[in-house]
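Enquirer: Take this structure, written in structure tokens, and hold onto it; I'll ask about it next.
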Amino acid sequence: QNEDLIRRNILFQNPVDWYISAGLGRDWPDGRGVYVNVTDLDLHPNLIIWCNSEDHMRIIGTSSVGDIRGLFKTLSATVQDVERFLKASGKRFAYDDQLGFFNILSVQGWYSVESKCTF
């Protein structure tokens, strides 16, 4: 089942050697998690949250009908829900007034949002 979930981009892949040498795959697979908004994994979720894969948290939204506006609303609401939970726990996303929100992958230029469209 794991291979099927990886192939369908629901579950993240095991770390490659350079991730492990950089410390990104330390203690693999402990402390990792995937949350999806479906109970039947034969269905494709439209909201996936990866915890402690490459990033501390990656929120992934998908749409099979091309509803970009609806997808953005779902992602925005999810981020707001996570922010409310963090705030209630006395925590927050790492943020700097000059650099903005921190991201573990510097190749993304410290951007916290990435979007991809595939057909």
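The values are calculated or read from the model by the stated rules, or taken from the named source; none is laboratory data. For clarity, every value in this text was computed on a predicted model and none was experimentally measured. Here the Cβ positions follow ideal geometry from the backbone for every residue, glycine too, while neighbour counts run over all protein chains shown. Just the protein is used for accessible areas: all its heavy atoms, side chains included, with ligands, DNA and RNA removed. Shrake-Rupley method; radii C 1.70, N 1.55, O 1.52, S 1.80 Å.
Enquirer: Which one of 97, 81, 67 has the biggest mean-square fluctuation once the chain is modelled by GNM with Cα springs under 10 Å?
Expert: 97
Enquirer: State the percent of C-alpha pairs, over all pairs in the range 21-77, separated by a distance greater than 20 angstrom. Show your work: numbers first, answer last.
Expert: Working: 596 of 1596 pairs.
Tail of the P(r) past 20 Å holds 37 percent of the pairs.
Enquirer: Same structure, new question: Could you provide, to the nearest whole Å², the per residue accessible area of the range 1-88 with probe 1.4 Å?
Expert: Details: 6330 Å² over 88 residues.
Using a 1.4 Å probe on heavy atoms only, each residue of the range 1-88 averages 72 Å².
Enquirer: Something else about it: Can you pull the percent of the range 1-75's accessible area that's carbon plus sulfur, 1.4 Å probe, other chains left in place?
Expert: 51 percent
Enquirer: Show me 43-55, 68-80 ranked by packing, highest mean number of other Cβ atoms within 10 Å first. Intermediate values should be presented prior to the final figure.
Expert: Values: 43-55: 16.9, 68-80: 13.5.
Listed from highest to lowest mean packing, they are 43-55, 68-80.
Enquirer: Could you pull the Rg and Dmax for the chain, using just the Cα atoms, both in Å?
Expert: Answer for the chain, Rg first and Dmax second: 15.3, 44 Å.
Enquirer: Shifting gears a bit: List every residue whose amide H lies under 5 Å from the amide H of residue 57, counting only residues 5 or more places away in sequence or on a different chain, with H placed 1.01 Å from N in the peptide plane.
Expert: Result for residue 57 returns 52.
Enquirer: OK, next. Tell me, what HN-Hα J-couplings in whole Hz come from the Karplus equation 6.51 cos²θ - 1.76 cosθ + 1.60 at θ = phi - 60° for each residue of the range 60-75, using x for Gly and Pro?
Expert: 10, x, 10, 9, 8, 10, x, 7, 5, 4, x, 5, 5, 4, 4, 5
Enquirer: Averaging sequence separations of C-alpha pairs under 8 Å and six or more residues apart, then dividing by the length of the chain, give the relative contact order as a whole percent.
Expert: The value is 13 percent.
Enquirer: Given an 8 Å cut-off on Cα distances and at least 6 residues of separation, report the relative contact order of the range 12-59 as a percent.
Expert: Values: 45 pairs, mean separation 14.4, N = 48.
After rounding, I find 30 percent.
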